[in-house]
Amino acid sequence: MARSNLACRTVLEPLSTFDLATHSGGTSIRSLAVSSLSQSDSDSDSDSQTLIYIGTHSGSLILLSASPNPNPNTDDDGDSVTKRSVSFLRSVSLGDSPVETVLILAGIAKVLVLCDGCLFLVDSLLAQPVKRFTLFRGVSVISRRITTSESESSRLSTVSTSGLESSGASQRFFRKLGGGIKVNGTKTRETEALQSQGNDNHFAVVIAKRLILTELRFGNNRLGKIDDAVNGSLVLLKEMQCIDGVKTMVWLNDSIILGTAHGYSLFSCFTGQSGVIFTLPDESSPPLLKLLGKEKVVLLLVDNVGIVVSEHGQPIGGSFIFRSCPDSVAELSSHMVLVRDGHMELYHKRTSSCIQTVVFGGKGVGPSAVANEENGNGKIIAVATSTKVICYRNVPSEEQIKDLLRKKSFKEAISLVEELECEGEMSKEMLSFVHAQVGFLLLFGLHFEEAVNHFLQSETMQPSEIFPFIMRDPNRWSLLVPRKRYWGLHPPPTPIEDIVDDGLITIQRAIFLRKAGVDSPVDDDFLLNPPTRAGLIELAIKNMIRYLEVSRQKQLTLLMREGVDTLLMYLYRALNRVHDMEKLASSENCCIVEELETLLGDSGNLRTLAFLYASKGMSSKALATWRILARNYSSGLWEDPASQGNLDGGRANVLSGIEIAATEASKILEESSDQELVLQHLGWIAEVNPVLAVQVLTSEKRANQFSPDEVIVTIDSKKVEILQSYLQWLIEDQGCIDTRFHTLYAILLAKSAIETFEEESTPQDLDNGTSKEKFNEFGRNSIFQIPVREMLQNFLLSSDLYDPEEVLDLIEGSELWLEKAILYRKLGQETLVLQILALKLEDSEAAEQYCTEIGRPDAYMQLLDIYLDPQNGKEPMFKAAVRLLHNHGESLDPLQVLETLSSEMPLQLASDTILRMLRARFHHYCQGQIVHNLSQAVNIDTRLARLEERSRHAQINDESLCDSCHARLGTKLFAMYPDDTVVCYKCFRRQGESTSVTGCDFKKDTLFKPGWLVTH
């Protein structure tokens, strides 16, 4: 049995050996060929038989049968034993000379053999008599035509029918009449069969210096099929002159490549033109050509260098550098198989690297031959020495991958799968499967980052497959874990802590064995720098997190998403990644609260727990948690993990924590329509930040607003600003018209305004560090940043629904004079309003504006009296009185003004004022007279124009027509409109007096004529 030496991976493994000496003593092997018994089923049937044809030096053709997947048997001990053997079927003798070439015609189950310069045709099972073709003698080389497609190859036609070998006289007679066409023009069955065979049975043979192209044709039986009997005939197609000494030949499409001892040449099968591809050195190995059927290119051997050329002789890609000059070359899928000196080497076509070397004989074994099926997809490779045939089974791709994985050659395994996928021999799902398998092997090998990288490249791996590494079984998601063990190359899933512990034990054992001089499969990196348990667990958790974070972006079932999110939270907690925990909990997630509630609560991650409660709609628990956090912040019992590194400003961190807790709670309350829940937590939020409390009460996010009465009752009476803000929102934004709320709002603003005024009037201690800050904030509302007195004044002016007497009673004893003026105005007490504006506020402009609003002249007189007689010992306000007379003196009666003027008023001020009033009075009188006279003139002109319009005449003759019906007027009654249109009386009745034929409506539209202008 042959022994193998693995260079990289095992592609071929020994199957069985056939010793020719036991069947045909004294002869040796000359040629070799391999074919499947059923070519159409060889790829799908695992029990298909492979036929091996051996040509001997004694002229015999021997047929062997081999199975690539022999059935296992059981020995006496019950162990499974695989029987690997090659069986001899039969043999035929073709002569006494060596069998040079064996060509398998798999499509028609025939074999064409070259022996002693003659061509023989036998059936594939050597069961029928041998047919010898007498058309050619002295044949040295034969090659079958290989076509890639009909478009790239041309059909050859028969050039001579005299050379056609036929066993029937009637067939020769019909060919003489017309090459297989009947006299009446109907084709014979044989002709149809020939055309149906296409270019599959074209051959090129070399005889001395002649290159002959021929075709093998067959007759049909009565059923119209090719006869099973060996009755083919060779037809001469073309003959050309070629070079001498041809030793090897390949026919690809329309090009024939010949190899001699001097070099390689290219011939065209149609034009006969030839050219030299390149010449060989004087001392070189014999030429060797190999058609690579999968790529449809030709391999040319120059010593140990292989050059791949196209059908036109042009090099394609790089060259192959083999270890030695081969005796024979075969093709095996994406590999090339070479044999020489008892060694068989496999080279990858794409990388040109040797991936396996097999030793099948010692030195001096002599020339060897290797053969596979013509398409390179056979399952058995046959290697022949002089007396033995050694069969090697093509290891299935899956077994090759497994072997590489067992050797921990993960990169090579992935490369092999990717290569097979590109070639269409393996599905994309299989690539994902192998990535997952490699990932699990790396995971158990403590290479967590590489493992996750492969997990992410697997499109078929489910996130639930790593659940057992995070949480022990049984758990909520145990049924989601697939029960597939892949290829059984890794142990069952266990928690990552157990994997790390087992791995560390293995590393320690390997270190001990290394010291003892024993190798181990543990990586050298671990031996030179042993990792720590904590470091490995942290690395594993980080990469598990990375995988789960990517898995969250995939389309998963709800149960799967729950497991991913929940376990992701577990892993975040294991590394204390607070930010990631809170980010996951506050975003849309599928975490199971029951699984995380105890974990987060016991570990102190209350913020994460609160976010999680809120995301799941558990508002009550979320608010309770935020309230606990706020209390712990204020008491210093809990510290924000995000601020642990900040040694300065500890108080600021506490305040920030309380603010954050209140802010997050307010976000929940703003969307909640549960009045009882909102009012329950409103108090502690108001203590932290009144602005947040106002936002909760005035939120527009909730579906149903709360009862104002209950809200007002709940608000602490000390939180005046919150109540004011709520009432303002209720009145201004919600349009509330309840007089109770308007009055309450006014009273609250009035109280705040009084307090603010009193604080502003109180002297401040300049030595107090907070006095300046208080002074800057006096009179401003801390929520709305608007002076409270301004708010009060605006509300008193804009609202008519509050009770002014109740508000007035509150501010009666204060100094809020403008507010009092507004209230007195609401009550209609004009005198008090004018007194406040003129005397208390000394705002003459406002007082005059108020008189204008009253609209009565006596209001100005009343204001003048107040200016001239302020009472209460106050000096008269002569300047204000003069200003009033100057602005509104024309509206006053001069006699009343003179009577009102005080005798104490300076004469100059009084004379100027009176003179101005009299002049203005006289001026107004003159203006009135002018306007009166002009109006009379316009009136007279208008009446005159109307009289002229009514008294004008219209002349009608026999040719005059009605502008409406176009009838002749003659002596008929007619009417004339102001726009000079004339209509008959009938049309006038229909149109009416106010609307003319032109559509002008004299009651609505203005009619103007130049003669109507006032000319006086």
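The values are calculated or read from the model by the stated rules, or taken from the named source; none is laboratory data. Note that the structure is predicted; figures quoted are calculated from it, not measured. Quick reminder, even Gly has a Cβ in these numbers, built from the backbone with ideal geometry, and neighbours come from all protein chains shown. Please note that ligands, DNA and RNA were not included when accessible areas were found on the heavy atoms of the full protein model with its side chains. Shrake-Rupley method; radii C 1.70, N 1.55, O 1.52, S 1.80 Å.
Output the residues belonging to region 567-598 that are β-branched (Val, Ile, Thr) and free of Cβ contacts under 8 Å to residues at least 60 places away in the same chain.
Within region 567-598, 593, 598 meet the criteria.
Considering region 633-667 alone, what residues qualify as being closer than 20 Å to residue 578 by Cβ, open to solvent by 30 Å² or more (accessible area, probe 1.4 Å) and modelled with pLDDT of 65 or more?
Selection gives 656, 659, 660, 663, 664, 667.
Would you please list the contacts, defined by Cβ atoms under 8 Å and residues six or more apart or on different chains, that run from a residue in region 508-524 that is surrounded by 11 or more Cβ atoms within 10 Å (Cβ to Cβ) to a residue that is among the aromatic types (Phe, Trp, Tyr)?
From region 508-524, the pairs are 510/526.
Given the conditions (1) charged (D, E, K, R); (2) outside any strand (DSSP E or B); (3) modelled with pLDDT of 90 or more, report the number of the one that residue 331 does not fulfil.
Only one criterion is unmet by residue 331, namely (2).
Restricting to region 197-232, count the residues that are modelled with pLDDT under 80 and more than 60 Å from the chain's Cα centre (by Cα). First the steps, then the outcome.
First, the residues of region 197-232 that are modelled with pLDDT under 80: 197-200, 219-231.
With more than 60 Å from the chain's Cα centre (by Cα) added as a condition, the list becomes 219-223, 227-231.
Qualifying residue count, region 197-232: 10.
Restricting the search to region 442-461, which residues are touching a helix residue (DSSP H, G or I) at 6+ places or on another chain (Cβ under 7 Å) and surrounded by fewer than 21 Cβ atoms within 10 Å (Cβ to Cβ)? Steps first, please.
Here is the first cut: in region 442-461, the residues touching a helix residue (DSSP H, G or I) at 6+ places or on another chain (Cβ under 7 Å) are 442-444, 446, 448-452, 454-461.
444, 449, 450, 456, 457, 458, 459, 460 - these are the residues of region 442-461 that are touching a helix residue (DSSP H, G or I) at 6+ places or on another chain (Cβ under 7 Å) and surrounded by fewer than 21 Cβ atoms within 10 Å (Cβ to Cβ).
When you go through 365, 308 one by one, which is the residue that is hydrophobic (A, V, I, L, M, F, W, C), in a loop (DSSP other than H, G, I, E, B) and free of Cβ contacts under 8 Å to residues at least 40 places away in the same chain?
Values: 308 fails: in a loop (DSSP other than H, G, I, E, B).
Step by step, each of 365, 308 is checked, and only 365 is hydrophobic (A, V, I, L, M, F, W, C), in a loop (DSSP other than H, G, I, E, B) and free of Cβ contacts under 8 Å to residues at least 40 places away in the same chain.
Please go through (1) open to solvent by less than 20 Å² (accessible area, probe 1.4 Å); (2) in a loop (DSSP other than H, G, I, E, B); (3) among the basic types (Lys, Arg) for residue 820 and return the number of the only condition it doesn't satisfy.
(2)
Specify the residue that is nearest to the chain's Cα centre (by Cα); the eligible residues are those in region 731-742 that are surrounded by fewer than 18 Cβ atoms within 10 Å (Cβ to Cβ) and assigned to a helix (DSSP H, G or I).
733
Of all residues being of a type outside the set (Gly, Ala, Ser) and at pLDDT below 90 in region 362-372, which is farthest from residue 329 (Cα to Cα)? Just the residue, please.
Start the filter on region 362-372 by keeping residues that are of a type outside the set (Gly, Ala, Ser), which leaves 363, 365, 367, 370, 372.
Among the residues that remain, those that are also at pLDDT below 90 are: 363, 365, 367.
Values: 363: 19, 365: 17, 367: 12 Å.
Among residues in region 362-372 that are of a type outside the set (Gly, Ala, Ser) and at pLDDT below 90, the one farthest from residue 329 (Cα to Cα) is 363.
Yes or no: region 370-378 includes at least one residue that is in contact with a Phe, Trp or Tyr (Cβ under 7 Å, 6 or more places away or on another chain), in the same structural domain as residue 111 (by the TED database) and open to solvent by less than 20 Å² (accessible area, probe 1.4 Å). It would help to see each step written out before you state the result.
Looking only at region 370-378, we keep the residues that are in contact with a Phe, Trp or Tyr (Cβ under 7 Å, 6 or more places away or on another chain), and these are none.
Within region 370-378, none of the residues are in contact with a Phe, Trp or Tyr (Cβ under 7 Å, 6 or more places away or on another chain), in the same structural domain as residue 111 (by the TED database) and open to solvent by less than 20 Å² (accessible area, probe 1.4 Å).
From the list 397, 333, 386, pick out the single residue that is touching a strand residue (DSSP E or B) at 6+ places or on another chain (Cβ under 7 Å) and open to solvent by 10 Å² or more (accessible area, probe 1.4 Å).
386
So if I check each of 266, 346, 299, which one is in contact with a His (Cβ under 7 Å, 6 or more places away or on another chain) and either in a loop (DSSP other than H, G, I, E, B) or open to solvent by less than 50 Å² (accessible area, probe 1.4 Å) (or both)?
346 is the lone residue from the list that is in contact with a His (Cβ under 7 Å, 6 or more places away or on another chain) and either in a loop (DSSP other than H, G, I, E, B) or open to solvent by less than 50 Å² (accessible area, probe 1.4 Å) (or both).
Taking region 349-360 as the region of interest, how many residues are outside any strand (DSSP E or B) and on the phi < 0 side of the Ramachandran plot?
Here the count works out to 5.
Kindly check whether there is at least one residue in region 997-1005 that is hydrophobic (A, V, I, L, M, F, W, C), open to solvent by 100 Å² or more (accessible area, probe 1.4 Å) and modelled with pLDDT under 85.
no
Suppose we keep only residues that are among the polar types (S, T, N, Q) and open to solvent by 70 Å² or more (accessible area, probe 1.4 Å) within region 924-947. Which one would you say is farthest from residue 888 (Cα to Cα)?
942
Only one residue in 757, 778 is open to solvent by less than 70 Å² (accessible area, probe 1.4 Å), modelled with pLDDT of 85 or more and under 24 Å from residue 727 (Cα atoms). Which one?
757 is the lone residue from the list that is open to solvent by less than 70 Å² (accessible area, probe 1.4 Å), modelled with pLDDT of 85 or more and under 24 Å from residue 727 (Cα atoms).
Does residue 158 satisfy the criteria of being within 26 Å of residue 248 (Cβ to Cβ), open to solvent by less than 60 Å² (accessible area, probe 1.4 Å) and modelled with pLDDT under 90?
For residue 158, the condition - within 26 Å of residue 248 (Cβ to Cβ), open to solvent by less than 60 Å² (accessible area, probe 1.4 Å) and modelled with pLDDT under 90 - is not met.
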